[in-house]
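The values are calculated or read from the model by the stated rules, or taken from the named source; none is laboratory data. Since the model is a prediction, treat every value here as computed from it, not as a measurement. Heads up, the Cβs are rebuilt from the backbone with ideal geometry, glycines too, and the neighbour counts pull from every protein chain shown.
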Amino acid sequence: MTERNKAEGSSGQNMQTLTITKEEGKSELRQLTEIQLSPLINNALTLQVVAAGNSDKIDITEAVEVMKEKSEKIIAGDLSELEVTLAAQVITLNTIYNTLILRFAHSLGNSLKLTETYMRLALKAQSQCARTAEILAAMKNPPIVIAKQANIAQGHQQINNGNQYPAHAGKTKNSANELLSEDNHATLDTRGTIEAGGIDKELAAVETIDRSKDTNR
């Protein structure tokens with residue numbers, strides 16, 4: 001993989017040429033595809049574009065190797081490199097904030113638009129600086145999480161202690177039906193006892209019809 005720039009290093013090798021070692025068991029197409037999608041290589045190439053003024057001093061192959069080593073340290077749990085990065089960014093963001101504040105002060109009374117722009121950018125730099133410092137502090141001193149057991153049961157609870165027998169499924173005794181029983185409400189009927197059997201006597205007086213003698217039907 002070769003960039004357009006042809007800067008030569010002290011050894012005569014093109015510093016913009018990425019040296020790739022052939023891996024056993026992988027086809028050339030597979031390896032080239034992995035290289036093009038590699039985050040390490042892509043970030044190294046991005047570094048060259050962003051730092052265009054210094055790109056001729058960075059060997060692309062060495063840059064990939066350095067990024068790989070730093071990434072492996074972070075993955076292994078060594079966060080010292082990240083701490084250094086965040087600490088340096090705090091200083092840089094603070095410098096940006098102070099620079100913008102000075103420009104804001106010099107623009108007072110001259111241009112309202114510039115004054116507002118410098119103040120807005122300065123406050124953004126200040127906010128990002130504070131956020132970066134907060135992340136760095138959390139990395140140095142991770143917060144301690146204390147978990148408390150929460151009683152999520154609401155309402156009545158049934159607790160069985162001792163030699164209590166478990167409740168068995170069976171007929172549920174309906175207290176409402178029990179209240180409406182004859183014994184409990186015998187005194188509620190103030191009209192006296194009603195004679196039973198009146199309807200039965202009327203039915204007993206009905207003449208029996210012999211269908212075999214009834215020829216009209």
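Structural remarks
- Residue check, residue 26 assigned to a loop (DSSP other than H, G, I, E, B) and modelled with pLDDT of 85 or more: yes
- Selection status of residue 86, in a helix (DSSP H, G or I), under 27 Å from the mean Cα position of the chain (by Cα) and either among the basic types (Lys, Arg) or not assigned by TED's automatic domain parsing to the domain that holds residue 18 (or both): yes
- For residue 40, the requirement of being in contact with a Lys or Arg (Cβ under 9 Å, 6 or more places away or on another chain), modelled with pLDDT of 80 or more and not β-branched (Val, Ile, Thr) is met.
- Restricting attention to segment 96-125 and to residues that are outside any helix (DSSP H, G or I) and among the small types (Gly, Ala, Ser), the residue that is surrounded by the fewest Cβ atoms within 10 Å (Cβ to Cβ) turns out to be 109.
- Index of the failed condition, residue 140 passing every other in (1) of a type in the set (D, E, K, R); (2) modelled with pLDDT under 95; (3) under 11 Å from residue 86 (Cα atoms): (3)
- Among the residues listed as 60, 74, the single one being modelled with pLDDT under 90, within 30 Å of residue 36 (Cα to Cα) and touching an Asp or Glu at 6+ places or on another chain (Cβ under 8 Å): 60
- Criterion: of a type in the set (A, V, I, L, M, F, W, C), more than 28 Å from residue 135 (Cβ to Cβ) and surrounded by 10 or more Cβ atoms within 10 Å (Cβ to Cβ) - qualifying residue of 79, 47, 32: 32
Here's the yes/no breakdown for (1) part of a helix (DSSP H, G or I); (2) exposed (fewer than 12 other Cβ atoms within 10 Å of the Cβ); (3) at pLDDT below 95; (4) within 28 Å of the chain's Cα centre (by Cα):
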site	(1), (2), (3), (4)
94	yes, no, no, no
127	yes, no, no, yes
132	yes, no, no, yes
147	no, yes, yes, yes
155	no, yes, yes, no
158	no, yes, yes, no
